[in-house]
Every structure is written in structure tokens, then in C-alpha cells.
Amino acid sequence: MRRSMNFGALGDVERVMQGEGLSLAPIATSDASMAIGGISVIPTATVGDIVEGRLAALVIPGGAPDADSEGRTAELVAAARARNLPILAFGEGVAQVARAMEVDPAGLSDFPGVVFSNADVFPIRDEEQLGTAAAAIG
């Protein structure tokens, strides 16, 4: 969860992911409360869930970047990489994950989403590619 959390041009990614048998468990990247469209979003997972292998992937939405969330996102990315989990990033989150993985984000800015899997980077251009990525996780 990030302040001003969104999935950019891909819109409602949760619907696509649920269609492939996945569900999302929000993790907070700051101590601030989160409301999206007037609805409060409560974190249900922690970095410990990544470390202990209870999550199949990490999803980083776009959002308003700040120093606290950038550091927290880098921690989550490091934990996911240590478990070899795929990381799906959207909007501004693509650049943030790329920086955390020491990948140049310049070539990724044209894509609404990206899957980072180990050392590989796969662009997500539309809902069909998102569905394919989600199916590979599920």
C-alpha cells in the first residue's frame, strides 16, 4: 500500500489477478493510514509473510513517492528477491522497483506494468499480459 496507490492504465488489476486464482494481501509502506476512493485499506500482510514464504509474489502499485515509502519498498523488494518471488510493479512503482533492484528504469517507463523475475524483466502492456503473468504465479 502506498499513498495515492493506483495501477495506472491497467486499472483494476485485482479483478484480473483474482480471475487467475490470486488474491491481494496489502502491506503498508508507511505508518500513515490509507484510504482509496473513500475506502480504508487495512494492511493484512507484513514483510514477515514474504520472508516466511506465505506470499507467492510482491505487487507494487504506483503512488506518491516519498523517502519513507521508497526505503520500505526497497526492503520489500529485497525480501521478495531473497525468496525468488516475482515482483509485479505498476505506474511509478516500476521505477521504484527498478531502482531497488539496481536496474535502469529509463527503458521501462513506457509500460504500465512490469514483472521483475530474478534477473529477467517482462513488460506488461495490457490486461491480457497481466493475466498471463498472474496465471504463471498462481
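A few comments on the model shown:
- If only the Cβ of Lys and Arg carry +1 and only the Cβ of Asp and Glu carry -1, the dipole of the chain around its Cα centre is close to 220 debye.
- Peptides 118-129, 71-82, 96-107 ranked from most to least packed give 71-82, 96-107, 118-129, packing being the mean of other C-beta atoms within 10 angstrom over each peptide's residues.
- Note on the chain: GNM, Cα springs under 10 Å; of Gly113, Gly48, Gly91, the largest mean-square fluctuation is that of Gly48.
- Checking (1) 22, 17, 15; (2) 19, 17, 16; (3) 33, 17, 12 against semi-axes √(5λ) of the Cα gyration tensor in Å calculated from these atoms, the matching label is (2).
- Remark: spin-label model distance Asp66-Ala106 equals 3.1 nm, labels positioned 7 Å along the Cα→Cβ axis.
Where a number appears in this text, it was derived from the coordinates with a stated rule and is not lab data. Computed from a predicted structure; not experimentally measured. Note that we place each Cβ from the backbone using ideal geometry, even for glycine, and neighbour counts take in every protein chain shown.
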